[in-house]
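Colleague: Okay, here's the structure, questions in a sec.
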Amino acid sequence: MSAAAPGLAIDVHDLRKSFGARRVIDGLSLQVARGEICGFLGGNGSGKTTTIRLLCGLLRADGGGGTCLGLDLLREAPRIRLLVGYMTQRFSFYTDLTVAENLEFVARLYGLSGVRRAIEEVLARIGLAGRRDQLAGELSGGWKQRMALAACLLHRPALLLLDEPTAGVDAKARREFWDMIHEMAAEGMTVLVSTHYMDEAERCHRVVYLAGGRLVVQGTADEVVRAARLVTFEANGTGIEQAAARLRHLPGVETAAVFGRALRVAGMERAALAAAIERLGDSGLTWQEVEPRLDDVFIHMLQGQEETS
Amino acid sequence: MSGFSLRRLLAMLHKEWRQMRRDPGTIGLTVMLPLIQLFLFGFAINANPRHLPTALVSADHSIYERDLVGALQNTGYFTLHRYPSAAAADEALARGDVLFVLEIPPGFARAVTRGDKPEVLMEADASDPVAVGSATAALLALNATALARDLPPDLRAPVPAPPFGIVLHQLYNPEQITALNIVPGLIAVILTISTLVMTSLAITRERETGTMENLLAMPVRPVEVMLGKIIPYVGLGYVQIGLILLVSVTVFGIPVRGSVVLLLGALGLFIACNLAMGFAFSTMARTQMQAQQLAQFAFLPSMMLSGFLFPFEGMPAWARAIGAWLPITHALRICRGILLKGNGWAEIWPDLWPMALFALIVGTIAVRLYRETLD
């Protein structure tokens, strides 16, 4: 087993995991530095949740290995659990207990000393103090997610694994949630967070894109965009919906989508894309080449996946 | 964090207790279920029914008819109603209005005094053997003496002296009151419902609502989760035992001839069997619905093949073999044995060890099946 590099919170190599005949993780290697916020991206079924479960010892890898916080993934899973906070994709606390009671249960399972103080601290930090005596089942989506985060933070983990923490949560709550994540990263906590939202991906220090159980691309948001070598044109004017519908079927065009009053088309080859736009004829639209955005790149990658699978 | 931690177990128990207390259904089920079952089974089931409706069709009103009718009624099994004709009586039998038809032929009295030994016809609706069984037995013992008082002296049959006498002592339940048999058995049945069904549901619920994933990701050991889930139901089981015993003694007059402490100890082993089975089911089932069905699957044979409703010795060998594996079969015998017969250690031992074996085997299977990971 390779010795963990000192600066790495997660250092795993060639992880493999199958469920029956279905190979879900297929030789995944991943390095995440301490204090980093790493965004975990990929389509549905790309293996994000499975990877997170492998990292916190909920699943055993069929092959490969590595370290998590310097502890061996396979042999020291119980010790890893003490240092990791895992927030499940689905709200999985007791709906018939209050916020404080749920937190008390978690705190006692971790054997925290000063349970009461730890709970009050985390409630204050997450802004949940006002809801401490409310039943968890009666909380709205945003508050449930905060409570789950509070439960993960109680034992002051060194690594936070968040599985689509903001699914179904309103924009304001999502922003506040991410502010908290940045605050914690600034204090030295490492965060691995899976998401489908591009605005969230852009708030990560680094993103990792998964497809078919493999790591496809990683880097900062800018690096990922540049690496994709995607060409994007944008048009303004009237009749962009009709233009989009026609463009979608032309060679060289991968995506053509309307965003508000602008039409964005993307493809891999500038010449082919330009030719396609040319074939539209004089539609009264004004075209210009623009910088591709992260969402253009991800839709491009998701499409590539569909074509190969 | 390796090994067992009392602190974490207490945390589990504390949480379970809070959830249980908050769910009015659990408390209601704990108290109401035994009471309802007790009153239903205790008062409603009677394997030795009396005062069965009987049609009397008589073509000969005589002193002998009155003797016969009187003798029938004195057995306590028959309540006679006069019907005008055999046809009307048979119709009533077919409809189920009566269970017996007694036909006294014309010229009955004359034939008796002449010494012709006439026959009266008793038709019984034997579609339910249990309903008419005891009554027909009583009937057959009747004819030797029913008319004796009014017969002319020369016709009184000298009662033949049998070569030997039988002395019958009906022990433990001489009046053959069904409740005395059913109510002690109910302790085992109710414990099966509350401990087997409830544990399998409680654990599957954690899986179904996703909280199991959270538990597994936290530093709590499987044995702590298991005990945390099981211990509250052991407590619940004992509350029910206490309640049932109280009602059994005060309402149904069930005797307590043996040691209550021995009974509570033996039932502890029975609870362990059910919890092991419930836990095994919960590891197999993915949803609460499946767990419920598995528990049902075990519950029906428990009712039918254990000797709770029907005599164990009346079943064919293969059914007895199945019954012998069910913990409830042994728990039933222990309950009835200690309460009615005053059995002690030595007498219940043959029923204790099969339960211990069952708990051990099924418990091992359950622990093997319980996975610490999600795969």
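Colleague: Counting only Cα, what are the radius of gyration and maximum Cα-Cα distance Dmax of the protein assembly as shown, in Å?
Modeller: 39.3, 135
Colleague: Expressed in nm to one decimal, what extension gain is obtained for the pair A:Thr238 and A:Val258 from 0.36 nm per residue of sequence separation less their Cα-Cα distance? Before the final figure, lay out the partial values.
Modeller: Numbers: separation 20, 0.36 × 20 = 7.20 nm, distance 1.17 nm.
Once the chain is fully extended between A:Thr238 and A:Val258, it gains 6.0 nm.
Colleague: Now for a different question. What number results when the radius of gyration of segment B:237-301, computed over Cα atoms, is divided by 2.2 N^0.38 Å?
Modeller: Output field value: 1.45.
Colleague: Let me ask something additional. Within the set A:Lys48/A:Lys172; A:Lys144/A:Lys172; A:Lys17/A:Lys48; A:Lys17/A:Lys144, which residue pairs have Cα atoms separated by over 21 Å?
Modeller: Among A:Lys48/A:Lys172; A:Lys144/A:Lys172; A:Lys17/A:Lys48; A:Lys17/A:Lys144, the Cα-Cα distance tops 21 Å for A:Lys48/A:Lys172; A:Lys17/A:Lys144.
Colleague: Hey, another quick one. So if a site counts as exposed when it's one of the GluC sites (Glu not before Pro), its DSSP state isn't H, G, I, E or B, and it has at most 14 other Cβ atoms within 10 Å, what's the longest stretch of chain A without one?
Modeller: Counting only loop sites that pass the neighbour cut-off, the longest clear stretch is A:1-186.
Colleague: Using only the C-alpha atoms of segment B:183-302, find the volume of their convex hull and express it per residue in Å³.
Modeller: 102
Colleague: Given N residues in segment A:155-248, what is its alpha carbon radius of gyration divided by 2.2 N^0.38 Å?
Modeller: Normalised by 2.2 N^0.38 Å, the Cα Rg of segment A:155-248 equals 1.41.
Colleague: Something else about it: Could you give the length gained on full extension between A:Arg117 and A:Gln288, defined as 0.36 nm per residue of separation minus the Cα-Cα distance, in nm?
Modeller: Net length gain for the segment: 55.7 nm.
Colleague: Kindly state, as a whole number, the per residue volume in cubic angstrom of the convex hull around the alpha carbon atoms of segment B:70-200.
Modeller: For segment B:70-200, the hull spanned by Cα atoms encloses 181 Å³ per residue.
Colleague: Turning to a different aspect of this structure: Is it possible to state the helix-based mean residue ellipticity at 222 nm for chain B, with each DSSP H run of 4+ residues giving -39500 (n - 2.57), the sum divided by total residues, to the nearest 500 deg cm²/dmol? What is it?
Modeller: Working: 15 runs with 227 residues, N = 375.
It comes out at -20000 deg cm²/dmol, rounded to the nearest 500.
Colleague: Still on this structure: Within 13 Å, Cβ to Cβ, of B:Ser259, how many net charges do the neighbouring residues add up to if Lys/Arg are +1 and Asp/Glu are -1?
Modeller: Values: positive: B:Arg257, B:Lys341; negative: B:Glu347.
Local net charge: +1.
Colleague: Please report, in cubic angstrom per residue, the volume enclosed by the convex hull of the alpha-carbon atoms of segment A:231-291.
Modeller: Details: hull volume 4.1 nm³, N = 61.
With only Cα atoms used, segment A:231-291 gives 67 Å³ per residue.
Colleague: Right, another one. Could you go through segment A:189-197 in sequence order and give the Karplus-derived ³J(HN,Hα) for each residue, using 6.51 cos²θ - 1.76 cosθ + 1.60 with θ = phi - 60°, rounded to whole Hz, and x for Gly and Pro?
Modeller: Couplings: 7, 8, 10, 10, 10, 8, 7, 10, 8 Hz.
Colleague: Also: If you average the alpha carbon positions of segment B:183-255 and of segment B:38-117, how far apart do those two centres end up, in angstrom?
Modeller: Each part's Cα centre sits 50 Å from the other's.
Colleague: Given segment A:8-225, what percent of its DSSP beta bridges are antiparallel, to the nearest 5?
Modeller: DSSP beta bridges in segment A:8-225 are roughly 55 percent antiparallel.
Colleague: Something else now. Translational diffusion coefficient, Stokes-Einstein: compute it for segment B:181-221 using the Kirkwood radius over C-alpha pairs as Rh, at 4 °C and 1.567 mPa s, and state it as an integer in µm² s⁻¹.
Modeller: Working: Rh = 12.2 Å.
Here the translational diffusion coefficient equals 107 µm²/s.
Colleague: What does the charge add up to near B:Cys335, with Lys and Arg as +1, Asp and Glu as -1, over the other residues with Cβ less than 14 Å from its Cβ?
Modeller: That works out to +2.
Colleague: Give me a comma-separated list of calculated 3J(HN,Hα) values for segment A:70-78, in order, Karplus coefficients 6.51, -1.76, 1.60 applied at θ = phi - 60°, integers in Hz, x for any Gly or Pro.
Modeller: Per-residue couplings from phi come out as x, 10, 5, 4, 8, 8, 10, 3, x Hz.
Colleague: Across chain B, where is the longest run that never hits trypsin sites (Lys or Arg not before Pro) in a DSSP loop with at most 14 other C-beta atoms within 10 Å?
Modeller: After excluding every exposed loop site, the longest remaining stretch is B:51-155.
Colleague: Assuming a viscosity of 0.890 mPa s and a temperature of 25 °C, what translational diffusion coefficient in µm² per second does Stokes-Einstein assign to chain A, Rh being the Kirkwood radius over Cα pairs? Intermediate results must be reported in sequence, preceding the final value.
Modeller: Working: Rh = 21.3 Å.
Estimated via Stokes-Einstein, D reaches 115 µm²/s.
Colleague: For B:Thr79, enumerate residues with amide H under 5 Å from its amide H, sequence gap 5+ or separate chain, H modeled in the peptide plane.
Modeller: The list, which skips near neighbours in sequence, is B:Leu52, B:Thr54.
Colleague: Give me, ordered by chain and number, the residues 5 or more places off A:Leu8 or on other chains with an amide H under 5 Å from its own placed amide H.
Modeller: Amide H neighbours of A:Leu8, under 5 Å, 5+ apart: A:Arg34.
Colleague: Could you work out how much longer the chain between B:Phe43 and B:Gln170 gets when fully extended? Use 0.36 nm per residue separation minus the Cα distance between them, nm to one decimal.
Modeller: 43.5 nm
Colleague: Additional query: Convert each backbone phi in segment A:231-248 into a coupling constant with the Karplus relation 6.51 cos²θ - 1.76 cosθ + 1.60 (shift: θ = phi - 60°), then list the ³J(HN,Hα) values in order as whole Hz, x for Gly and Pro.
Modeller: Result, ordered by residue: 10, 10, 10, 10, 10, 10, x, 8, x, 6, 5, 5, 4, 4, 4, 6, 5, 4 Hz.
Colleague: Over the alpha carbons of chain B, what is the largest minus smallest coordinate on each principal axis, giving the biggest first in Å?
Modeller: 98, 44, 38
Colleague: Helix-only mean residue ellipticity at 222 nm, chain A, DSSP H runs n ≥ 4 weighted -39,500 (n - 2.57), per residue, nearest 500. What is it?
Modeller: On the way: 11 runs with 112 residues, N = 309.
Result for chain A: -10500 deg cm²/dmol, rounded to the nearest 500.
Colleague: Roughly how many Å is it from the Cα centre of segment A:136-209 to that of segment A:49-108, as a whole number?
Modeller: Answer, in whole Å: 15.
Colleague: What net charge is computed for the residues neighbouring B:Thr30, neighbours being all others with C-beta under 15 Å from the C-beta of B:Thr30, Lys and Arg scored +1, Asp and Glu -1?
Modeller: So the surrounding residues net to 0.
Colleague: If amide hydrogens are placed 1.01 Å from N in the peptide plane, which non-local residues have theirs closer than 5 Å to the one on A:Gly267?
Modeller: For A:Gly267, whose amide H was placed from the backbone, the distant partners under 5 Å are A:Val231, A:Glu254.
Colleague: For segment B:55-102, state the average projected area of the convex hull of the C-alpha atoms over all orientations, rounded to one decimal in nm².
Modeller: 3.1
Taken together, the values in this text are just the output of simple stated rules run on the coordinates, not laboratory data. Keep in mind it's a predicted model, so treat the numbers as computed, not measured. Note: ideal-geometry Cβ built from the backbone for every residue, glycine included; neighbour counts use all protein chains shown.
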